[in-house]
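**Q** Got a structure for you, written out below as structure tokens; questions coming shortly.
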Amino acid sequence: MIKIIDNINELENIIPDLESMPLLAIDTETTGLDPYRSKVLLFQIGDLEKQFIIDCRKVSIEPLRKILESDKPKVLQNAKFDYKMVKHSFKIEIENMIDTMLIEQVLMAGKSDGQFGLDDLAEKYLNTRIDKSERKSFIDHSGDFTESQLEYAQNDLIYVLRILESQVKALVKENLQETAKLECMAINAFGDIEYNGMLLDKNKWSEILEEEFMKKKEAEKILDSIFKPISELDLFGGSVNINYDSDEQLKDALEKIGIKVNDTSKATISHIDPKIGQAILDYREHQKVVSAYGKGFLEHIHPDTGRIHPTFRQLGASSGRTSCADPNLQNIKADSRFRSCFIAPSGRKLVIADYSGCELRIIAELSNDEVFLETFRTGGDLHSIVASSIFKKNVSKTENPELRQKAKAINFGLAYGMGAQGLAASLEIPEKEAEELLEHYFNSYPKVKKYLDESANIALKRGYSVTIGGRKRYYEIKDRNDQKEIASIIRQAKNAPIQGTSADMTKLALIWIRKAIKEKNIDAKLVNTVHDEIVLECDENVAEESAQIMRDCMIKAGEYYLHKLPIEVEYAISDCWQK
DNA sequence: ATCTGTGGCGCG
DNA sequence: AAAGCGCGCCACAGAT
């Protein structure tokens with residue numbers, strides 16, 4: 001018979017036991033997944049020898065506050081979930097968490113057979129099959145718990161502890177302890193961001209959507225007039241029955257008016273008859289916005305908070321970047337009309353801070369290219385300098401800006417392993433010309449080329465790439481003779497250390513920003529992050545101070561990884577998500 | 001009716 | 001399968 005703690009005396013009695021344990025496992029059973037609406041039913045805590053189950057319907061875990069907020073390490077599976085639940089229900093922020101799910105993602109980055117559920121990990125590391133069906137039994141549960149429910153709750157603690165033991169050995173073997181530590185320390189920041197959410201000006205958003213809907217209709221009318229001659233009209237005469245969202249139907253329709261295309265991508269469509277092409281692209285643009293930001297998007301506004309609480313996958317990308325969903329706040333149109341709808345409540349401000357030229361600085365650091373390094377050291381404009389040297393003309397943001405734009409495309413394309421064909425397409429120049437440009441580029445910056453090539457070679461040899469912070473991204477090479485596969489991995493491998501180091505930096509900055517605002521007890525909270533950007537919401541009276549904290553933390557985090565050049569952070573204090 | 005894969009496109 | 005890296009979302013189309 002498993003004992004359940006349901007009064008404050010018993011709870012206080014276990015504290016000495018917990019204090020003597022060097023590592024605690026924690027788990028919760030809740031009525032659902034929404035921290036604002038679901039209740040914590042059970043809170044389990046303990047080590048391999050002793051586990052305690054607390055009935056949170058009968059007793060608050062307040063007496064455990066000191067232990068939970070302390071530096072004592074606590075291991076959980078999918079820690080961010082329990083963190084948010086406990087944060088909301090008990091106003092306690094669990095600190096120094098270790099997450100077996102995140103560690104597994106660190107160990108498996110890039111591998112296709114990664115499985116991250118507790119049941120998967122138990123099978124992999126403990127050779128144990130666990131029945132997760134019991135978990136569902138807690139949804140909307142009331143009354144006494146069954147023996148099997150309690151057993152399930154107790155066992156989870158033992159599983160995570162034993163899984164962690166095995167994982168730590170793997171981390172040491174792969175030299176991934178630092179990355180695992182970074183990820184685990186960042187859990188709280190991502191938990192906070194999700195919990196805090198962002199406020200959206202719903203009325204303004206809806207107005208823009210309405211405008212977009214009208215523009216879509218207008219574009220549709222123009223398309224109808226173009227395709228009317230070849231269209232079968234519907235029975236009641238009038239509307240053209242082509243679905244412009246269907247690439248097949250669009251291709252057929254174009255063929256009937258004498259335009260043959262292999263695909264309907266923007267690149268292809270922009271080269272057909274400009275009047276028709278423009279009409280299609282206009283339609284697409286507005287259709288995209290209406291569908292992406294319409295009803296489905298607004299349904300993400302939480303009924304209790306009135307805010308949008310997305311879900312971050314802290315290791316959503318094999319590079320080490322985070323991804324974001326439901327909704328994705330990392331791909332909101334940069335067009336200020338949309339971002340400016342994300343606002344600070346009255347009396348508050350948003351501080352938006354981002355790393356300037358983050359990835360190019362990382363390339364400079366890793367390649368040791370003197371021009372790149374010197375440009376960043378002296379605060380010059382790398383795109384202009386690159387443009388001047390490969391086009392042999394004076395270029396700045398004002399002089400020959402179109403050449404600067406081209407150089408920018410080259411600079412970024414390069415970091416992704418772009419070839420002449422891709423460059424030709426993106427600059428709309430003949431392939432021959434693109435080849436020459438690339439040659440000029442690499443002649444001017446031989447160390448950049450050398451670095452990128454070496455980066456790819458090492459990855460192919462070892463089977464993984466490494467960031468400056470030691471994060472690994474693995475490659476599964478199926479057939480070393482498959483040129484296409486190898487070429488693809490080469491491009492991934494050129495990019496991985498760059499993108500991954502940038503992710504390392506931003507995550508470290510998030511950790512330090514959260515720590516700083518907490519220690520200084522400033523009325524500020526993290527609300528979003530977009531790869532090289534961090535957004536914070538704060539009381540207007542501490543906006544300037546918060547901005548300085550963000551800037552300092554971001555620069556320090558950058559300098560933690562990059563030693564050969566300065567880090568620059570730009571920030572804005574605003575009423576909305578706009579610089 | 002629900003699923004999975006694909007094309008297209010939004011962001012960094 | 002892959003001629004530019006990393007994501008998520010929508011609509012479509014074909015399958016179940």
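**Q** Using amide H atoms built 1.01 Å from N in the peptide plane, name the residues 5+ places from A:G46, or on other chains, whose amide H lies under 5 Å from its own.
**A** Those lying under 5 Å, H to H, from A:G46 are A:A25, A:F52.
**Q** Right, here's the next one. Give a residue-ordered list of calculated ³J(HN,Hα) values for the stretch A:273-286 (Karplus: 6.51 cos²θ - 1.76 cosθ + 1.60, θ = phi - 60°; whole Hz; x for Gly, Pro).
**A** Karplus values, whole Hz, x for Gly and Pro: 2, x, 5, 6, x, 4, 4, 5, 5, 4, 4, 4, 4, 6.
**Q** Any idea what the dipole of the stretch A:202-298 comes to, in debye rounded to 20, about its Cα centre with Lys/Arg Cβ at +1 and Asp/Glu Cβ at -1?
**A** Values: 15 positive and 18 negative charges, 51 e Å.
So the dipole magnitude of the stretch A:202-298 works out to roughly 240 debye.
**Q** Something else now. Got a number for the accessible area of A:S291? Probe 1.4 Å, square angstrom, nearest 10.
**A** 80 Å²
**Q** Something else now. Output the relative contact order of the stretch A:511-566, whole-number percent, from Cα pairs under 8 angstrom with separation of 6+ residues. Could you put the intermediate results ahead of the total?
**A** Working: 41 pairs, mean separation 16.4, N = 56.
Computed over the stretch A:511-566, the figure is 29 percent.
**Q** Something else now. Ranked by accessible surface with a 1.4 Å probe, highest first, in what order do A:M418, A:M214, A:M108 come? Numbers along the way, then the final one.
**A** Working: A:M418 55, A:M214 100, A:M108 20 Å².
The most accessible residue leads, giving A:M214, A:M418, A:M108.
**Q** Relative contact order of the stretch A:34-135, please, whole-number percent, based on alpha carbon pairs below 8 angstrom and at least 6 residues apart.
**A** Working: 108 pairs, mean separation 21.1, N = 102.
Here the relative contact order equals 21 percent.
**Q** Using a basic spin-label model with each label point 7 Å from the Cα along Cα→Cβ, how many nm lie between A:E178 and A:K202?
**A** Taking the two extended label points, one gets 4.7 nm.
**Q** Collect residues whose amide H, placed 1.01 Å from N in the peptide plane, falls under 5 Å from the amide H of A:R307; neighbours closer than 5 in sequence don't count.
**A** Residues meeting the criterion, in which the H sits 1.01 Å from N, are A:H302.
**Q** Would you rank A:Y244, A:Y125 by solvent-accessible area, highest first, keeping every protein chain in place and using a 1.4 Å probe? Please report the intermediate quantities before stating the final value.
**A** On the way: A:Y244 10, A:Y125 50 Å².
Ranked list, largest accessible area first: A:Y125, A:Y244.
**Q** Alpha carbon centre of the stretch A:466-498 versus the stretch A:17-74: separation in Å?
**A** The stretch A:466-498 and the stretch A:17-74 have Cα centres separated by 41 Å.
**Q** How far, in degrees from 0 to 90, does helix A:202-227 lean away from the longest principal axis of the Cα atoms of chain A, to the nearest 10?
**A** Long axis of A:202-227 versus the principal axis of chain A: about 40 degrees.
**Q** Decide, for the stretch A:4-185, between rounded, prolate and oblate: order the square roots of the alpha carbon gyration tensor eigenvalues as a ≥ b ≥ c, take rounded if a/c falls under 1.5, and otherwise choose prolate if a/b is larger than b/c, else oblate.
**A** Values: a/c = 1.73, a/b = 1.41, b/c = 1.22.
The shape class here is prolate.
**Q** Would you tell me the accessible area of A:E299, worked out with a 1.4 angstrom probe on the heavy atoms of the protein chains, in Å² to the nearest 10?
**A** 120 Å²
**Q** With axes computed from alpha carbons, what is the tilt in degrees of helix A:382-391 against the longest principal axis of chain A, rounded to the nearest 10 within 0 to 90?
**A** 30 degrees
**Q** Follow-up question, since we're still on this one. R0 = 41 Å: FRET efficiency of A:A292 with A:I4, Cβ-based, nearest 0.05?
**A** With a Förster radius of 41 Å, E is 0.30.
**Q** Write down the accessible area per residue of chain A in Å², having rolled a 1.4 Å probe over the full set of protein chains. Intermediate values should be presented prior to the final figure.
**A** On the way: 27230 Å² over 579 residues.
Spelled out: the 1.4 Å probe surface of chain A, per residue, equals 47 Å².
**Q** Taking all protein chains as present, what is the carbon and sulfur share of the accessible area of chain A, in % to the nearest whole number, probe 1.4 Å? Before the final figure, lay out the partial values.
**A** Numbers: 13440 of 27230 Å².
Of the solvent-accessible surface of chain A, carbon and sulfur hold 49 percent.
**Q** Would you please put A:526-538, A:46-58 in order of how densely packed they are, using the mean number of other Cβ atoms within 10 angstrom per residue and starting with the highest?
**A** Numbers: A:526-538: 23.5, A:46-58: 17.5.
Packing order, densest peptide first, comes out as A:526-538, A:46-58.
**Q** What figure in square angstrom, to the nearest 10, would you give for the accessible area of A:D479 with a 1.4 Å probe?
**A** Accessible surface of A:D479 is approximately 70 Å².
**Q** Under 5 Å between amide hydrogens, which residues at least 5 positions from A:H531 or on another chain qualify, with H placed 1.01 Å from N in the peptide plane?
**A** none
**Q** Then there is this: Give the calculated FRET efficiency between A:K124 and A:E476 to the nearest 0.05, with a Förster radius of 25 Å applied to their Cβ-Cβ distance.
**A** On the way: r = 17 Å, r/R0 = 0.69.
That gives a FRET efficiency of 0.90.
**Q** Go through A:G294, A:I53, A:I332 and say which Cα lies farthest out towards the positive end of the charge dipole of chain A; charges sit on Cβ, +1 for Lys and Arg, -1 for Asp and Glu.
**A** Positive-end residue among those listed: A:I332.
**Q** Here is a further query. Would you kindly calculate the translational diffusion coefficient of chain A, applying Stokes-Einstein with the Kirkwood radius from alpha carbon pairs, for 10 °C and a viscosity of 1.306 mPa s, and quote it in µm² s⁻¹ without decimals?
**A** Working: Rh = 27.1 Å.
Value of D from the Cα-based Kirkwood radius: 59 µm²/s.
**Q** Further question on the same structure: Give the angle, between 0 and 90 degrees and rounded to the nearest 10, that separates the Cα long axis of helix A:543-561 from the longest principal axis of the Cα atoms of chain A.
**A** Computed tilt is about 80 degrees.
**Q** Return the sequence-ordered ³J(HN,Hα) values of the stretch A:16-31 in whole Hz as given by the Karplus equation 6.51 cos²θ - 1.76 cosθ + 1.60 applied to θ = phi - 60°, using x for Gly and Pro.
**A** x, 4, 5, 5, 7, 8, x, 9, 10, 9, 9, 7, 10, 10, 10, 7
**Q** Can you report the principal axis dimensions of the stretch A:202-298 using only the alpha carbons, biggest first, rounded to whole angstrom?
**A** 44, 36, 21 Å, listed from the longest principal axis down.
**Q** I'd like the Karplus ³J(HN,Hα) series for the stretch A:242-252: coefficients 6.51, -1.76, 1.60, θ = phi - 60°, whole numbers in Hz, and an x wherever there's a Gly or Pro.
**A** Those phi angles translate into 10, 8, 6, 7, 8, 4, 4, 5, 5, 4, 4 Hz.
The values are calculated or read from the model by the stated rules, or taken from the named source; none is laboratory data. What you are looking at is a predicted structure, and each value in this text was computed from that prediction instead of being measured. Because the Cβ atoms are built from the backbone with ideal geometry, glycine has one as well, and the counts that use them run over all protein chains shown. With ligands, DNA and RNA removed, areas are computed over all heavy atoms of the protein, side chains included. Shrake-Rupley method; radii C 1.70, N 1.55, O 1.52, S 1.80 Å.
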